[in-house]
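Visitor: One structure, pasted below without further comment.
Quick note: the coordinates plus some simple rules give every number you see, no bench work behind them. Keep in mind that this is a model prediction, so the values were computed, not measured. Glycine gets a Cβ as well: all are built from the backbone with ideal geometry, and neighbour counts include every protein chain shown.
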Amino acid sequence: MKNKKYTNAGLRVLETLKVLTKQPLSPDEMLRYLESTTNNFYRKELILKYLNTFRLLNINIEKINGKYFIKKNPDPVHLDKNDLAIMLFIKNYINNIGYESFKNNIFESLEIIERSFSGETDRLAKTLNIKPYKPKKNPDIKDKNIIKFEKYCNDKLRIQIKYKNYDSNEVISYKLSPLNVIYKKGKAVLIAYDNKDNDYKEFILENIVAVSQSPQKQQKASPSSVLFKLYGRLAHSYMLKKNETVIESGDDYIIISNNSEDRELLIRRLLRYFDKCEILYPKSCRKRLLEIVNEMEAIYA
């Protein structure tokens with residue numbers, strides 16, 4: 001469990017497996033599902049790797065009309081005592097996490113695997129006294145801290161935090177309206193509205209060194225929208241997100257206003273559309289997009 005990269009990848013594999021048991025999906029649809037549930041940006045090749053992983057596990061994946069699905073009677077999953085111990089460890093680990101929707105998603109994925117147990121594996125799980133796998137170092141689950149900040153979000157009162165920037169070691173104070181707690185790359189993150197800067201911001205919980213709650217109610221979050229323009233076939237096929245509206249359209253383009261999506265994630269999503277997309281406003285988003293392109297060019301050129 002030391003390598004968080006592998007741990008997070010395993011969870012994504014389980015998420016993909018779970019959704020394929022419910023409905024057939026194309027690689028693009030699976031990619032959008034993963035991005036919507038993890039708040040990250042992935043390449044299409046990742047889905048093909050996951051499909052190969054399922055085949056190596058003898059999970060019967062079929063493709064019809066460009067969409068993949070799991071047959072109703074998949075090949076049985078064969079696990080030994082050590083494998084079952086690891087599954088039990090995952091159950092116990094997830095059960096101690098305070099983020100309910102994340103917990104339920106993983107439990108559903110594990111149930112799919114259990115329903116595919118071979119007869120031998122099923123007998124082994126029922127007859128042997130399987131003890132949970134024990135890692136050399138117990139995982140650090142900050143469930144109390146997560147629950148505390150989830151309460152701040154539900155109370156709809158403003159908070160003041162002191163946030164430590166580990167790069168510069170500087171501690172900065174913020175007055176915020178807390179909105180939600182999410183997970184990114186295995187870390188709990190507070191999404192909050194900073195009225196002073198008129199913007200949504202993210203704060204890694206473990207970097208918050210002090211917090212106090214104010215009797216003031218949250219101020220209305222109304223940061224300026226991000227406007228972007230889509231061209232050609234993309235303009236006709238684009239599916240609006242929950243927080244988006246079309247403010248102008250023509251024969252070969254549409255202009256969209258995005259009101260509340262995390263700006264960094266939005267910029268990386270728009271980057272996928274290449275020359276079919278242009279960010280019109282604000283200038284800070286145009287500048288950030290150029291920075292990402294330059295970073296990629298420095299790595300891959």
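Visitor: Run the quick spin-label model on residue 12 and residue 32: label points 7 Å from Cα toward the beta carbon, then report their separation in nm to one decimal.
Guide: 1.9
Visitor: Which of 249, 235, 260 sits closest to the plus end of the dipole of the stretch 226-300, meaning its Cα is farthest towards the positive end, when Lys and Arg get +1 and Asp and Glu get -1 on the C-beta?
Guide: Of the listed residues, the answer is 260.
Visitor: Moving on. As an exercise, identify the trypsin sites (Lys or Arg not before Pro) in the stretch 187-218 lying in DSSP coil whose Cβ has no more than 10 other Cβ atoms within 10 Å.
Guide: Within the stretch 187-218, the qualifying trypsin sites (Lys or Arg not before Pro) (loop, at most 10 other Cβ atoms within 10 Å) are 196.
Visitor: Compare the peptides 239-252, 157-170, 110-123 by average per-residue count of other Cβ atoms within 10 angstrom and give them in order, highest first.
Guide: 110-123, 157-170, 239-252
Visitor: Name the long-range amide H neighbours of residue 67: under 5 Å, sequence gap of 5 or more, or other chain; modelled H, no Pro or chain starts.
Guide: For residue 67, no residues qualify.
Visitor: Say each of residue 44 and residue 69 gets a label point 7 Å from the Cα, pointing the same way as Cα to Cβ; how far apart are those two points in nm?
Guide: My value for the distance between the label points is 2.2 nm.
Visitor: Which whole-Hz couplings ³J(HN,Hα) result when phi for each residue of the stretch 170-182 is put into the Karplus expression 6.51 cos²θ - 1.76 cosθ + 1.60, θ = phi - 60°, listed in order with x for Gly and Pro?
Guide: Here the 3J(HN,Hα) series is 8, 10, 10, 8, 9, 9, 9, 10, x, 10, 6, 10, 10 Hz.
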